[in-house]
Amino acid sequence: MITTETIPTLNTMFRFQWEQAQNSYVLLYPEGMIQLNGPAGEILSLVDGKRSVSAIVGELETKFPDAEGIGGDVLEFLLEAQNQRWIAE
Amino acid sequence: MSSSSCNGSPSLNAVPTHGQPLWLLAELTYKCPLQCPYCANPLDFANRTTELTTAEWIKVFEEGRKLGAVQLGFSGGEPLVRQDLVTLIKEARQMGYYSNLITSGVGLNERKVGEFREAGLDHIQVSFQAADESVNNMLAGSKKAFEQKLKMAREVKAQGYPMVLNFVTHRHNIDQIDRIIELCVELEADYVELATCQYYGWAYENRENLLPTRAQLERAERITNEYRQKLEAAGNPIKLIFVTPDYYEERPKGCMNGWGQVFLTVTPDGTALPCHSAKMLPIEFPNVRDHTLDHIWNESFGFNHYRGYDWMKEPCRSCDDKEKDFGGCRCQAYMMTGDATNADPVCSKSEHHHLITDARAVAEQPLLHEEMLFRNEKNSKVFFRS
């Protein structure tokens with residue numbers, strides 16, 4: 001179960017990178033690619049196995065001052081990312 | 001996505017819209033220690049001994065990356081035969097590719113698996129011929145292949161790679177699908193491709209010996225579904241990918257997601273193709289030694305030839321499904337009907353559909369002969385003499 005204290009890490013089965021040709025962040029896996037939308041990409045770019053969920057939310061709020069109170073959305077996305085096995089706790 | 005008209009206004013000879021070559025398949029060599037009778041390589045591969053140099057491959061990768069390619073497959077033949085593989089992996093990684101090594105595992109060892117990882121290889125796909133040692137080795141034409149494959153699959157996982165195991169299934173091994181899946185679970189595969197043989201190249205020559213019956217196929221699909229449920233319930237993340245053979249479909253596959261839409265193959269001698277079988281077509285395809293990949297993808301005759309819908313004849317031209325299946329496979333249409341602009345005979349609307357139903361009927365009969373034509377230099381030479 002992911003909480004604000006959780007420190008998520010990227011599943012090693014995936015590689016995360018910025019793809020200029022797609023103008024987006026992507027997750028790469030054997031013979032495939034998941035194109036991430038803006039918010040999903042911004043969140044996953046902060047998942048590094050060091051930051052907690054609350055630290056990720058804090059950084060996003062600093063980077064996007066208009067996006068206040070996004071904690072719930074971030075948690076919801078990370079739960080889905082966990083379901084998809086993109087990240088592990 | 002992209003269009004050939006640079007000033008925004010339509011031009012008279014506008015090229016139909018097409019995407020980026022996201023998938024670049026580098027067939028590094030036709031050399032291979034195995035002799036699988038369903039190999040997708042051309043029948044006359046033994047006559048094609050020219051191979052691109054290391055520097056030429058690196059140039060192809062650079063040009064592909066600029067066009068948006070992100071998945072790079074090292075294939076063959078057996079790509080391990082290339083002595084410069086580790087250099088190519090390193091270069092590809094620096095360019096930002098996700099690189100896939102598609103190998104039989106024969107010629108691999110613990111040291112190489114580690115070297116490739118260090119060089120930045122992302123994934124290794126090991127192909128098996130069967131879950132049973134004797135069937136595997138018979139099909140591979142090698143006595144030691146199976147044991148080596150098991151050892152290498154374990155090594156790939158031990159060194160932290162995502163692993164895909166690929167089994168080409170056909171009438172000789174499809175009834176062992178449960179054992180195949182069990183073996184993949186035991187080897188901790190992340191993805192399993194249960195790829196029913198597609199009948200091109202050597203497989204087309206051996207079709208009578210390979211095409212399963214409908215009952216065999218349905219049983220295999222049912223068992224695969226049962227395993228999917230069982231494995232998911234047990235929390236096993238393994239993904240079983242079951243590829244149905246188009247011979248038992250009534251509508252053709254949307255081959256390659258459309259001609260020249262996402263996929264670009266470069267053969268050992270530098271010929272660029274929209275799919276790895278396309279060399280059989282009576283069309284001139286460009287070579288990376290003569291042209292940039294940008295020109296090849298966007299401007300060349302070969303890549304533009306079957307883009308869009310203008311080339312289509314009936315029943316495809318007026319068909320509601322044409323944007324979904326693009327009339328099926330050009331190679332299959334050419335191979336079976338003699339005209340690549342015909343509908344893929346898999347389609348029940350095709351006047352040549354009986355060629356497919358006849359093959360299904362043959363599959364129901366006992367085999368007339370057990371002999372298969374193995375993919376090796378000796379047999380290949382027969383094809384370029386004739």
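Per-structure values
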read-out	value
Nearest-0.05 FRET efficiency for B:Glu133 and B:Lys230, computed from C-beta distance (R0 30 Å)	0.75
Karplus 3J(HN,Hα) series, Hz, for region B:358-366 with 6.51 cos²θ - 1.76 cosθ + 1.60 (x for Gly, Pro)	5, 5, 4, 5, 4, 4, 6, 8, x
Average accessible surface area per residue within region B:145-269, 1.4 Å rolling probe, Å²	39 Å²
Solvent accessible area, Å² - B:Met336, 1.4 Å probe, full protein context	30 Å²
Residue-wise HN-Hα coupling along region A:37-54, computed from phi with Karplus coefficients 6.51, -1.76, 1.60 (Hz; x: Gly, Pro)	6, x, x, 4, x, 4, 5, 5, 5, 9, 7, 9, x, 10, 7, 7, 4, 5
Calculated from backbone phi, Karplus (6.51, -1.76, 1.60) coupling profile of region B:148-161 in Hz, x at Gly/Pro	4, 5, 4, 4, 6, 4, 5, 5, 4, 5, 4, 9, x, 7
Heavy-atom accessible surface of region A:14-89: percent carbon and sulfur, 1.4 Å	48 percent
Filter on B:Lys313/B:Lys381; A:Lys63/B:Lys90; B:Lys151/B:Lys239 - keep pairs with C-alpha separation over 28 Å	B:Lys313/B:Lys381; A:Lys63/B:Lys90
Restricting chain A to trypsin sites (Lys or Arg not before Pro) in coil, as DSSP defines it, with at most 14 other Cβ within 10 Å	A:Lys50, A:Arg85
Accessible-area order (highest first, 1.4 angstrom probe) of the listed residues B:Leu231, A:Leu44	B:Leu231, A:Leu44
Amide hydrogen neighbours beyond the local backbone of B:His18, cut-off 5 Å, H modeled	B:Ser2
Shielding by partners, peptide B:65-72 (average Cβ within 10 angstrom, other chains)	3
Cα centroid separation - region A:11-76 against region B:285-333, whole Å	37 Å
In the A-B interface, the accessible area buried, summed over both sides, Å² (probe 1.4 Å)	1500 Å²
Peptide A:26-35 - average C-beta neighbours from other chains (10 Å radius)	6
Cross-link table B:Lys253/B:Lys349; B:Lys112/B:Lys279; B:Lys149/B:Lys279; B:Lys31/B:Lys66; B:Lys112/B:Lys144, entries beyond 21 Å C-alpha to C-alpha	B:Lys112/B:Lys279; B:Lys149/B:Lys279; B:Lys31/B:Lys66
Spacing of the two label points (7 Å from each Cα toward its C-beta) at A:Thr4 and B:Glu218, in nm	5.8 nm
Local electrostatic count, B:Ala343, Cβ distance below 15 Å [Lys/Arg +1, Asp/Glu -1]	-3
Loop-located trypsin sites (Lys or Arg not before Pro) in region B:101-148 whose Cβ has at most 13 other Cβ within 10 Å (DSSP)	B:Lys143, B:Lys144
Candidate residues B:Asp290, B:Asp178, B:Asp246: accessible-area rank, largest first, probe 1.4 Å	B:Asp290, B:Asp178, B:Asp246
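The values are calculated or read from the model by the stated rules, or taken from the named source; none is laboratory data. Keep in mind it's a predicted model, so treat the numbers as computed, not measured. Backbone-built Cβ (ideal geometry, glycine too); neighbour counts: all protein chains shown. Ligands, DNA and RNA are stripped out before the accessible areas are found, and what is left, the full protein with its side chains, is counted by its heavy atoms. Shrake-Rupley method; radii C 1.70, N 1.55, O 1.52, S 1.80 Å.
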